[in-house]
1. Among the residues of region 94-111, write down those that are over 17 Å from Leu38 (Cα atoms), of a type outside the set (A, V, I, L, M) and either touching a Ser or Thr at 6+ places or on another chain (Cβ under 7 Å) or modelled with pLDDT of 95 or more (or both).
2. Given the options Leu94, Leu118, name the one that is surrounded by 21 or more Cβ atoms within 10 Å (Cβ to Cβ) and not β-branched (Val, Ile, Thr).
3. Please state which one of Val88, Val25, Val40 is among the β-branched types (Val, Ile, Thr) and either touching a Phe, Trp or Tyr at 6+ places or on another chain (Cβ under 7 Å) or at pLDDT below 95 (or both).
4. Among all residue pairs at least 6 apart or on different chains, which show Cβ distances below 9 Å where the first residue, located in region 54-74, is more than 14 Å from His99 (Cα to Cα) and the second is surrounded by fewer than 20 Cβ atoms within 10 Å (Cβ to Cβ) and of a type in the set (Lys, Arg)?
5. What do you reckon, is Gly4 surrounded by 15 or more Cβ atoms within 10 Å (Cβ to Cβ), farther than 22 Å from Leu284 by Cβ and not hydroxyl-bearing (Ser, Thr, Tyr)?
6. Under 21 Å from Asp42 (Cβ atoms) and charged (D, E, K, R): which single residue out of Arg190, Arg183 fits that description?
7. What single numbered condition from (1) part of a loop (DSSP other than H, G, I, E, B); (2) modelled with pLDDT of 95 or more; (3) surrounded by fewer than 18 Cβ atoms within 10 Å (Cβ to Cβ); (4) of a type outside the set (Lys, Arg) fails to hold for Glu288?
8. Only one of (1) touching a residue at least 40 places away in the same chain (Cβ under 8 Å); (2) assigned to a helix (DSSP H, G or I) fails for Arg256. Which number is that?
Amino acid sequence: MQLGLQVTNFTWPNGQAHLGDSFGVLVQRAERAGFTSLWVMDHFLRRPVELEMLEGWSALAFAAARTNRIKLGTLVTGVTHRHPGVLVKVATTLDVLSHGRAYFGIGAGWYEEEHRALGIPFPPVGERFERLEETIQIALQMWSGDDAPYRGKYYQLERPLNCPEAVHQPHPPILIGGGGEHRTLRLVARYADHWNLPNVPVVGDEEVQHKMEVLREYCQSIGRPFEQIEKSVLEVIHVRRDGRDGSLTPAAAVERCAKLASLGFDQVILCMMDEYYDLDTFDLLATEVIPAVEKLAIAGR
């Protein structure tokens, strides 16, 4: 099993004036600790909206320049945020500049308040999913080198040329986030290299097992191996040596990851909330959690 890190909070003790330096130190610290991947939200506003929020793809480009190994992705980009052709160019640019470390994390979008605040159209959910599928089709076409016109219901591209090509071949891994069984998991089975499910403690183990089976059935219906899709889960985990204040000890954190591995997840993406600047937490992860988690076997693998 692998561990990733999602950064969701940019309101740090040393203030906004040092935000860039702090973020640079954080991503380097994450790489040194042994995290496989680094993720940011692709949102323009936080809750409350007055708190600092960095634009996701720009932040990842900055992170790419400060690191050498760790994989980089948005968890996830809302399909309404950018025109598909522009989004593919943005993702390809990150992949080229990072020497092939980019994920293409995408979803239907949900945060209506930020759309209204910034004047971004927010269509009904059914249309957002249709746009999501068209966007993925455009991405796959552009990454294949086919610059023939694309004619969709919502998007028409006269010449979807993508130059330079992505470094990661055949293309940056496509991650689709969400747990909807009728729309999301169908798209995961058809298009995704990676599926991310948020909030397993909220969803519950039995429901997770059910969703895994639904995804397996969708894969079987189109003749795709279920095991071909990497599966991750987003978890809010606080790690402290003594487990105080609702946190987990390193041993308990490993035990929790073992449970998630038994459910079939290949990667746990940690959201630590307010501990990004805590050196002790990173030391515990680097020495006692990540090495043990990397030895865990994944159910079904």
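The values are calculated or read from the model by the stated rules, or taken from the named source; none is laboratory data. What you see is a predicted model, and the numbers here were worked out from it, not measured in a lab. Neighbour counts are summed over all protein chains in view; Cβ atoms, including those assigned to glycine, are modelled from backbone coordinates with ideal geometry.
1. Selection gives Gly107, Gly109.
2. It is Leu94.
3. Sole residue among the options that is among the β-branched types (Val, Ile, Thr) and either touching a Phe, Trp or Tyr at 6+ places or on another chain (Cβ under 7 Å) or at pLDDT below 95 (or both): Val25.
4. Listed pairs, sorted by first residue: Trp57/Arg82.
5. No, not satisfied.
6. Arg183
7. Every condition holds for Glu288 apart from (1).
8. (1)
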